[in-house]
Amino acid sequence: MTSNIRHKHLLGIQHLLADEITHILDTAESFKEILSRPIKKVPTLRGCTIVNLFFEPSTRTKLSFELAAKRLSADTVSVSASTSSVLKGETIIDTVKNIEAMRPSAVVIRHSSSGVPWLLAKHVECSIINAGDGINEHPTQALLDAFTIREHFGRLNGLKIAIVGDILHSRVAHSGARLFSMMGADVSVCGPVSLMPPKPEVLGVTVSKSLEDAVEGADVIMSLRIQKERQEKALISSEREYARFFGITSNVMAYAKKSALIMHPGPINRGVEMSPETADSEQSVVLEQVTNGVAVRMAVLSLLLAGSESQA
Amino acid sequence: MRFLLKNARLLDPGNKTDIEGWLLVEDMNIALVGTSQEGHPDVSGVEVHDLQGCWIMPGLVDMHVHLREPGQEYKETIETGTRAAAAGGFTSIACMPNTNPCNDNAAVTNFIISKATEAGYARVYPVAAITKGQKGRELTEFGELLAVGAVAFSDDGVPVADASVMRHALEYASSFNALIITHAEEPSLATGSMNEGVVSTLLGLKGIPNACEDIAVFRDTCLAELTGARLHIAHVSTKGAVEIIRLAKRRGVHVTAETAPHYFTLTEEAVTGYNTFAKMNPPLRTEEDRIAIIEGLKDGTLDAIATDHAPHSVLEKEKEFEAAANGIIGLETALPLSIELVRQGYLTPLELAFKMSYNPSHILGIGGGMLKKGMPADLCIIDPNVTFTFKKGDLFSKSYNSPWLGQKLKGRAVMTIKKGCFTHKKSG
């Protein structure tokens, strides 16, 4: 049995401390070992029910949370926006209160509006786990990215990590930047200024003047998806130009360390933010990230829920 | 009705005097005013209130209130809104046209006035829409609206986007010597839900930059200069807007401006935790802006303090931050928050009487704002030192969307007198 962390919810990286992050990553390591066994299941959360409530499309994250819960022997139910009563005019608070009335241990929520997990945490008793809120945070993605980096380098401290692309709309970047800088990495961000949030330094990053600058000597290059669904008018001129000036290609990778990892939270727009060769290169750990996602989410779920009173 | 208010500090913007004295009310009017040294007339048989050093100001005037009636009576009615006004020390308020139906015609203006007269707690001066349905296209009937009691024109939260329509509105208004009030915002830049800056990045929320307000303030002051019309800028929130207005005034443009207590009291930090009670438009800005607003009040760039009292229910506020409605109530907090400016040495009590009574009444042209013999006895009696906890259950407004809920405030209206009648009396 793993010892609990002091939180009931996982809302954002902003509420975690460095040693809590280390504890989550250490716990994930032991779960990853379990995932390599023929029987990939432990009884940690037997009797717990976890509801995945996704108001935005998701394949990877939803499946990853579901598998993580199942491998911990929890029961899982997934609800998506198109089948929820929100379409009938129910408020999000009522929806979640009704779900809570069926006594789940946790609700994993993805929502297009920033801050929704915080809103829900104020109104319900069960654990709220943020699976991505608007353009704000995506804490489990940051944790799985950190896990993947740590697996390769044995640490985060002292690494140079470049996050490239649509920083403004990327909750992955916002959570990642916070986490990596908290763990002692040197994080630089780069992208068209129109896709940069105001005062990005408050997330613990430095802003690079050019892509070459950002990638120069980097240990990790994290490319972000151009979020077609969140683009307002006139943020970038064209995907073609974006690919040419901000896309991660083998030319760009030449500036990084030879051992540098290429990461992407997926789904990739191949040929836009990353060239196909780069995405499929030896340095790419994109699929490892996905594998690690299950172990990291098992760690998060077990640390938040194991020993909670709702457990049978 | 005859009564004497004695042992008071009389703050009279009309005479620019701040004296210890007394004030006698007779037949709904101010009958006599005198200093402590001058004996008051024989008051045998007359009700005497010993104010023990409390301030008497002319009744406060709030030139920016949302009364919600007709259409959204579950948030506020003319009765509850004016009752809240009286509790806050206000005797006159101007109400914005964004009701449902919108106040863009004489029938709605008449309705508001008759409802307010019936309630009797405060004088209500409707601000009618500039354009029909606040749609920014056709002008409303300014002449007729003025004739039935409208005191100014504003499209309020839906600013006139088309500069040529705004120009024509200003020109047409000037033929009636009417006032145009602008909610200065460039709509295409107002797509966020809070101030754009450090906190919006930390909360992952889209921001509204200061430029959104500055551009619109500049546009509208240029148009006021072009047309010679009278323009009033509502709820100034940015350092840039203060500077633009300062320069326009220096050039002789007929422009006046107000700010609201939240802009000189709070900053964007108040939004932390996705607090929808700190969500308003314009949004709470930075400390630099807050200081500039206070400077603007001090040097006269900002003429008035208005509340932008915007009642909303839990239906609009207890929801996703981005989807929550803008605005907070203000009538019952404006005075304590503004007295804080006096306590901190930014304004004198007399200057505060200008900002909260004389100036707004003169901008609106509704008279009052003075402690002058023969004028209607619209008075606000203030205990600047009393502390109280601002609680939901004590509010007269129907809504409680306020960032100060549960907090200790200092200074309040202990009595409000409209036309010689008490509209509010704080017991104890």
- Query: Can you spot a residue in the stretch A:179-201 that is open to solvent by less than 10 Å² (accessible area, probe 1.4 Å), closer than 25 Å to residue A:24 by Cβ, within 14 Å of another protein chain (Cβ to nearest Cβ) and of a type in the set (S, T, N, Q)?
  - Reply: no
- Query: Condition test on residue B:301, is it closer than 30 Å to residue B:151 by Cα and either in contact (Cβ under 8 Å) with a residue 60 or more places away in the chain or not assigned by TED's automatic domain parsing to the domain that holds residue B:254 (or both)?
  - Reply: no
- Item | Inter-residue pairs, beta-carbon under 6 Å, first facing chain B (nearest Cβ under 7 Å) and in the stretch A:101-118, second surrounded by 24 or more Cβ atoms within 10 Å (Cβ to Cβ) and in a strand (DSSP E or B), 6+ apart | A:114/A:133; A:116/A:133
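Looking at this structure, is residue B:48 buried (at least 19 other Cβ atoms within 10 Å of the Cβ), assigned by TED's automatic domain parsing to the domain that holds residue B:414 and among the hydrophobic types (A, V, I, L, M, F, W, C)?
Working: buried (at least 19 other Cβ atoms within 10 Å of the Cβ): no; assigned by TED's automatic domain parsing to the domain that holds residue B:414: yes; among the hydrophobic types (A, V, I, L, M, F, W, C): yes.
Criteria not met by residue B:48.
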- Restricting attention to the stretch B:271-286, the residues that are more than 14 Å from chain A (Cβ to nearest Cβ) and either open to solvent by 30 Å² or more (accessible area, probe 1.4 Å) or free of Cβ contacts under 8 Å to residues at least 40 places away in the same chain (or both) number exactly 1
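Could you say whether any residue in the stretch A:5-19 is open to solvent by 80 Å² or more (accessible area, probe 1.4 Å), among the hydrophobic types (A, V, I, L, M, F, W, C) and outside the structural domain of residue A:203 (by TED's automatic domain parsing)? It would help to see each step written out before you state the result.
Of all residues in the stretch A:5-19, those open to solvent by 80 Å² or more (accessible area, probe 1.4 Å) come to A:6, A:8, A:17, A:19.
Then keep just the ones that are among the hydrophobic types (A, V, I, L, M, F, W, C); that gives A:17.
Going one step further and asking which of them are outside the structural domain of residue A:203 (by TED's automatic domain parsing), we end up with A:17.
Yes - at least one qualifying residue is present in the stretch A:5-19.
So which of A:196, A:182 is in contact (Cβ under 8 Å) with a residue 40 or more places away in the chain and in the same structural domain as residue A:267 (by TED's automatic domain parsing)? Walk me through it before giving the result.
Details: A:196 fails: in contact (Cβ under 8 Å) with a residue 40 or more places away in the chain.
The conditions single out A:182.
When the residues of the stretch A:86-100 are narrowed to those that are without any contact (Cβ under 8 Å) to a residue 24 or more places away in the chain and away from chain B (no Cβ under 14 Å), which ends up farthest from residue A:15 (Cα to Cα)?
Taking the stretch A:86-100 as the starting set, the residues that turn out to be without any contact (Cβ under 8 Å) to a residue 24 or more places away in the chain are A:87-91, A:94, A:98.
Okay, now just the ones that are also away from chain B (no Cβ under 14 Å), so A:87-88, A:98.
Details: A:87: 32, A:88: 34, A:98: 27 Å.
Among those that are without any contact (Cβ under 8 Å) to a residue 24 or more places away in the chain and away from chain B (no Cβ under 14 Å), it is A:88.
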- Picking from B:212, B:222, the residue that is farther than 27 Å from residue A:138 by Cβ, open to solvent by 10 Å² or more (accessible area, probe 1.4 Å) and either modelled with pLDDT of 95 or more or not in a helix (DSSP H, G or I) (or both) would be B:222
- Note on the structure: Among strands (runs of 3 or more DSSP E) entirely inside the stretch A:23-141, those with 2 or more residues being outside the structural domain of residue A:170 (by TED's automatic domain parsing) and buried (at least 20 other Cβ atoms within 10 Å of the Cβ) are A:49-54, A:106-111, A:127-133
- Task: Would you be able to say whether some residue in the stretch B:403-412 is over 20 Å from the mean Cα position of the chain (by Cα) and buried (at least 19 other Cβ atoms within 10 Å of the Cβ)?
- Result: no
- From the set of residues in the stretch A:212-250 that are within 14 Å of chain B (Cβ to nearest Cβ) and among the charged types (D, E, K, R), which is farthest from the chain's Cα centre (by Cα)? A:233
- Query: Quick one: residue B:158 ticks every box in (1) at pLDDT below 95; (2) open to solvent by less than 20 Å² (accessible area, probe 1.4 Å) bar one, so which box is it?
  - Reply: (2)
- Query: Can you name the residue in the stretch B:304-327 that is in contact with a helix residue (DSSP H, G or I) (Cβ under 6 Å, 6 or more places away or on another chain) and in a loop (DSSP other than H, G, I, E, B) and is also farthest from residue B:89 (Cα to Cα) among such residues?
  - Reply: B:320
- Query: Can you pull out the residues in the stretch A:158-177 that are over 12 Å from residue A:205 (Cα atoms), at the interface with chain B (Cβ under 10 Å from one of its Cβ atoms) and either in contact with an Asp or Glu (Cβ under 6 Å, 6 or more places away or on another chain) or acidic (Asp, Glu) (or both)?
  - Reply: A:171
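When the stretch B:192-207 is examined, which residues are found to be in a loop (DSSP other than H, G, I, E, B) and facing another protein chain (nearest Cβ under 7 Å)?
Keep residues of the stretch B:192-207 that are in a loop (DSSP other than H, G, I, E, B), which gives B:192-193, B:196-197, B:204-206.
Matches in the stretch B:192-207: B:196, B:197, B:204, B:205.
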- Item | residue B:2 being under 16 Å from residue B:351 (Cα atoms) and among the charged types (D, E, K, R) | no
- Answer from B:41, B:70, B:58 - the residue that is within 23 Å of residue B:119 (Cα to Cα) and free of Cβ contacts under 8 Å to residues at least 60 places away in the same chain: B:70
- Looking at B:144, B:138, which one is farther than 27 Å from residue B:62 by Cα and either surrounded by fewer than 18 Cβ atoms within 10 Å (Cβ to Cβ) or among the aromatic types (Phe, Trp, Tyr) (or both)? B:138
- Does the stretch B:294-308 include one or more residues that are within 14 Å of another protein chain (Cβ to nearest Cβ) and on the phi < 0 side of the Ramachandran plot? no
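Check whether at least one residue in the stretch A:140-151 is within 14 Å of chain B (Cβ to nearest Cβ) and farther than 12 Å from residue A:10 by Cβ, and report yes or no. Give the derivation first.
Filtering the stretch A:140-151 for residues within 14 Å of chain B (Cβ to nearest Cβ) gives A:141-142.
If we keep only those that are farther than 12 Å from residue A:10 by Cβ too, we end up with none.
Checking the stretch A:140-151: not a single residue is within 14 Å of chain B (Cβ to nearest Cβ) and farther than 12 Å from residue A:10 by Cβ.
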- Message: Let me spell it out: the conditions are (1) open to solvent by less than 40 Å² (accessible area, probe 1.4 Å); (2) under 17 Å from residue B:283 (Cβ atoms); (3) more than 14 Å from chain A (Cβ to nearest Cβ), and residue B:239 meets all of them except one. Which number is the exception?
- Response: (1)
- Candidate set from the stretch A:202-211 (those that are more than 14 Å from chain B (Cβ to nearest Cβ) and small (Gly, Ala, Ser)); member that is surrounded by the most Cβ atoms within 10 Å (Cβ to Cβ): A:208
- Only one of (1) more than 30 Å from residue A:116 (Cβ to Cβ); (2) surrounded by fewer than 19 Cβ atoms within 10 Å (Cβ to Cβ); (3) of a type in the set (A, V, I, L, M, F, W, C) does not apply to residue B:257, and that is (2)
- Task: Mind counting the residues in the stretch B:349-372 that are in a helix (DSSP H, G or I) and not charged (D, E, K, R)?
- Result: 14
- Query: Among the helices (runs of 4 or more DSSP H) confined wholly to the stretch A:212-312, which include 1 or more residues that are open to solvent by less than 10 Å² (accessible area, probe 1.4 Å)?
  - Reply: A:239-246, A:276-279, A:286-305
- Query: Among the numbered criteria (1) in contact (Cβ under 8 Å) with a residue 40 or more places away in the chain; (2) surrounded by 21 or more Cβ atoms within 10 Å (Cβ to Cβ); (3) on the phi < 0 side of the Ramachandran plot, which single criterion is violated by residue A:165?
  - Reply: (3)
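The values are calculated or read from the model by the stated rules, or taken from the named source; none is laboratory data. This is a predicted model, so every value here is computed, not measured. Here Cβ is always computed from backbone atoms with ideal geometry, including for glycine, and neighbour counts include all displayed protein chains. The accessibility values were calculated without ligands, DNA or RNA, using every heavy atom of the protein model including side chains. Shrake-Rupley method; radii C 1.70, N 1.55, O 1.52, S 1.80 Å.
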